[in-house]
Amino acid sequence: MVKLKILLVVVLICVTGQTEAACLTEDGDPCVFPFKDGSKSFSVCTKHNNRFWCSTKNKADGKYEKWGYCPEGGTCPLEGEITGPVSNCKTTSGKSCTFPFKTACVTTKGEKCVFPFTYKNVKYDACTEVDGGGRPWCSLATDEAGNHQRGKYGYCIMEVCKDPKHQAEHKECVAATNEGQEGKGWCATTVGEDETFIGWGYCQDPKCKDAAAAAAAAPAAANATAAANSTAAAGNSTSNANIKGCLPCALEGILPQCSQLSWCRPHHVCPHQV
């Protein structure tokens, strides 16, 4: 009995340790789940003033005592995150890719830029080269007033940051452009309500395409081809009908031009008869 209790304690410690280690705040403190904020209980990082946060220490009644900001695009579970259906595409860590997903402005380290941000009393809605040594950069964290937090920045990948408001949709792994990661592909593992990627990982197959999306696209392509063929067949049928209607005229030595096909009809009345 004593051995069983010891085993249970060890298991609980291990599980707790793994849960906390899976989600660290921007300051490196482990999040504690669940936690209470007022009368509400949370098992994920919750949002306040456009920033996600979690408890790092709870009181005896379960309410948070200390807290920290949760990083986006990492391992922390975020409020409003959506995991899509299981895909045939997997990340190197074994997670299922979520399709479709939209890209957003990220840094060379794969971190998501935060817009807008204020730096030296100037508000930015896109990456800036001010004080960046000639390289465009963005803020990764802001305070409640929207001011850039010192040291929290990254250099922008301009392929996806030229227009931060533009979000391309993807149904397959996207070629990685991060420094040192060329040749790899990545996908979203979780997305927000607007389908913008939140969690992500490198794909086992850099060129993997979502089978479900491909299967859904196949009938649409087939229907489009069938419709085109049907239109072409109808056109040929009409053309043949016009030619047949003009046979009597042709027998009389009258060969109509294309512009005259309007008078070639099954009633077989030739121009000299009108």
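The values are calculated or read from the model by the stated rules, or taken from the named source; none is laboratory data. What you see is a predicted model; the values in this text were computed from it and never measured. Positions of Cβ are backbone-derived with ideal geometry, glycine not excepted, and every protein chain shown enters the neighbour counts. To get the accessible areas, we keep the full protein, side chains included, count just its heavy atoms, and leave off ligands, DNA and RNA. Shrake-Rupley method; radii C 1.70, N 1.55, O 1.52, S 1.80 Å.
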Only unsatisfied item for residue 264, checking (1) open to solvent by 40 Å² or more (accessible area, probe 1.4 Å); (2) modelled with pLDDT under 50, is (1)
Do you know which of the residues in region 51-75 that are in contact with a Ser or Thr (Cβ under 8 Å, 6 or more places away or on another chain) and not in a strand (DSSP E or B) is least open to solvent (accessible area, probe 1.4 Å)? 70
